[in-house]
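A.B. asks: Take this structure, written in structure tokens, and hold onto it; I'll ask about it next.
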Amino acid sequence: MTDASSMSKVRAVSSGAYRVLAGLGNGLIIYTVAAVTVTQQFAQIVMLLTLLAAAVGFLRGALGIPLLRASSGGPDIRREGSFAFTSALLVSSVVGIVMWAVEGSGIRQPALLIIVATPIVLVKDVLRSIAIAEGRVHVLTRWDGVFFAGSAALLVAAWLHVPVATTSYLIGGWTALAAFALVGMLIEVRIFPRLRQYPAWISEGWRHRARRGADSCLAVTTAFAVLLLTALVLSFGATAALCGATALLAPV
């Protein structure tokens with residue numbers, strides 16, 4: 001009885017921990033970049049990260065919610081998860097093209113690194129939904145913890161002005177951390193993209209998925225639109241100020 005009670009407490013702590021770690025791990029990169037980046041470049045980077053956050057929100061609504069509602073028997077979750085994996089890869093290519101268009105012809109290395117990170121972040125988030133649906137929250141706690149610890153180390157390096165703590169190196173380190181966490185989750189979750197029957201799967205419920213995804217990412221998409229409009233109408237300096245205020249108020 002005591003063992004069962006202890007296990008329940010551990011699961012409860014893990015359930016709360018993965019939510020906190022995931023949010024902090026993704027948010028620390030903004031503070032890290034702000035510590036070492038000039039105003040205009042900071043605004044451009046935050047716009048891309050906001051667009052990435054909108055894509056994550058869309059997939060959580062379109063793919064994550066159906067995964068959490070799948071039957072607990074196992075095969076339905078694995079099948080849904082494989083198709084969701086494929087969808088994340090396809091969506092990431094579209095998001096990457098939009099990011100490239102936003103940056104324009106003078107695209108810089110930090111923006112390219114964020115584009116590289118896009119499929120990694122989106123697929124990792126899909127794997128998180130699969131693990132939650134299967135009741136394997138400890139997997140999320142482990143790898144979100146690794147991702148958070150690494151992101152915190154990058155933030156400290158930026159604050160201390162370590163010579164190698166440039167914008168490109170920091171975003172590259174963040175991308176590498178996300179890739180490392182993705183590989184770890186792939187090893188534990190053991191699920192891969194599936195093309196067979198994918199057209200039939202996507203056609204049978206794409207309207208509902210699109211509606212849920214749009215509802216889920218509406219707030220972040222609006223934020224991205226405001227940042228982009230501010231940059232076009234006013235200046236990147238005004239956008240950077242808005243980005244900085246948003247980052248400071250985000251914990252509140």
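A.B. asks: What is the gain in length, in nm to one decimal, between TRP206 and LEU160 on full extension, counting 0.36 nm per residue of separation less the C-alpha to C-alpha distance?
C.D. replies: Taking TRP206 through LEU160 to full extension adds about 11.8 nm, to one decimal.
A.B. asks: What does a probe at VAL94 reach in segment 46-65, counting residues whose amide N is under 19 Å from the point 7 Å along Cα→Cβ?
C.D. replies: Residues passing the 19 Å test: 48-65.
A.B. asks: Arranged from highest to lowest average of other beta-carbon atoms within 10 Å per residue, in what order do the peptides 163-174, 188-199, 79-90 appear?
C.D. replies: 79-90, 163-174, 188-199
A.B. asks: What is the percent carbon and sulfur in the accessible area of segment 143-212, measuring with a 1.4 Å probe over the protein chains and ignoring ligands?
C.D. replies: Here carbon and sulfur together make up 70 percent of the probe-accessible area.
A.B. asks: How much accessible surface does TRP100 have with a 1.4 Å probe, in Å² rounded to 10?
C.D. replies: Solvent-accessible area, nearest 10 Å²: 130 Å².
The values are calculated or read from the model by the stated rules, or taken from the named source; none is laboratory data. Because the structure is predicted, anything quoted here is derived from the model rather than measured. Using ideal geometry, Cβ is built from the backbone for each residue, glycine included, and neighbour counts are taken over all protein chains shown. SASA here: full protein model, heavy atoms, side chains in, ligands and nucleic acids out. Shrake-Rupley method; radii C 1.70, N 1.55, O 1.52, S 1.80 Å.
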